[in-house]
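Structure, as structure tokens:
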Amino acid sequence: TINPTSDSVDQYNVTALANGATIGAPTGTPINGQKLIIRIKDNGTARVLTWDTSSGAYRAIGTILPTTTTISITTYVGCIYNAADSYWDVIAVAQQS
């Protein structure tokens, strides 16, 4: 399980991902409107991604959470913390072309 640390980073980098992974709720105490970018790249083999979607974790808004990596391609997931609903709203997913 990968748990970004929202108190100390604005971008959490996952490089050379060698196994499928669960992206867990960020640790720390986020503030309303705080931004977090998650950057993911596998190790040359596509990997399954599972997202924690419980309260305090991730919720897709106008996009779809990626369920797998693309071989050797960087994926960015952009999130904003919504304190009213206690979710990291995922508002953008982008991959290198």
(request) All but one of (1) assigned to a strand (DSSP E or B); (2) touching a residue at least 60 places away in the same chain (Cβ under 8 Å); (3) under 17 Å from residue 1 (Cβ atoms) hold for residue 40, so report the exception by its number. (result) (2)
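Tell me, which residue of region 48-66 that is assigned to a strand (DSSP E or B) and of a type outside the set (D, E, K, R) is farthest from residue 7 (Cα to Cα)?
We begin by selecting, within region 48-66, every residue assigned to a strand (DSSP E or B); these are 48-51, 58-60.
Now narrow it down to the ones that are of a type outside the set (D, E, K, R): 48-51, 58, 60.
Details: 48: 27, 49: 23, 50: 23, 51: 20, 58: 16, 60: 22 Å.
Across region 48-66, the extreme among qualifying residues is 48.
Determine whether residue 45 is under 17 Å from residue 95 (Cα atoms), among the β-branched types (Val, Ile, Thr), open to solvent by 60 Å² or more (accessible area, probe 1.4 Å) and not in a strand (DSSP E or B). Steps first, please.
Values: under 17 Å from residue 95 (Cα atoms): yes; among the β-branched types (Val, Ile, Thr): yes; open to solvent by 60 Å² or more (accessible area, probe 1.4 Å): yes; not in a strand (DSSP E or B): yes.
Answer is yes for this residue.
If only one of 26, 30 is farther than 25 Å from residue 16 by Cα, touching an Asp or Glu at 6+ places or on another chain (Cβ under 9 Å) and not β-branched (Val, Ile, Thr), which one is it? Break it down into steps so the answer makes sense when it comes.
Details: 26 fails: farther than 25 Å from residue 16 by Cα.
Exactly one residue qualifies, and that residue is 30.
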(message) Just checking, does region 61-84 include any residue being open to solvent by less than 50 Å² (accessible area, probe 1.4 Å) and out of contact with any strand residue (DSSP E or B) (no Cβ under 7 Å at 6 or more places or on another chain)?
(response) yes
(message) Looking only at region 17-36, filter to residues that are over 11 Å from residue 7 (Cβ atoms) and open to solvent by 60 Å² or more (accessible area, probe 1.4 Å); which one of those is farthest from the chain's Cα centre (by Cα)?
(response) 32
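The values are calculated or read from the model by the stated rules, or taken from the named source; none is laboratory data. A quick note: this is a predicted structure, and the numbers were derived from the prediction, not measured. Backbone-built Cβ (ideal geometry, glycine too); neighbour counts: all protein chains shown. All accessible areas refer to the heavy atoms of the entire protein, side chains included, with ligands and DNA or RNA removed. Shrake-Rupley method; radii C 1.70, N 1.55, O 1.52, S 1.80 Å.
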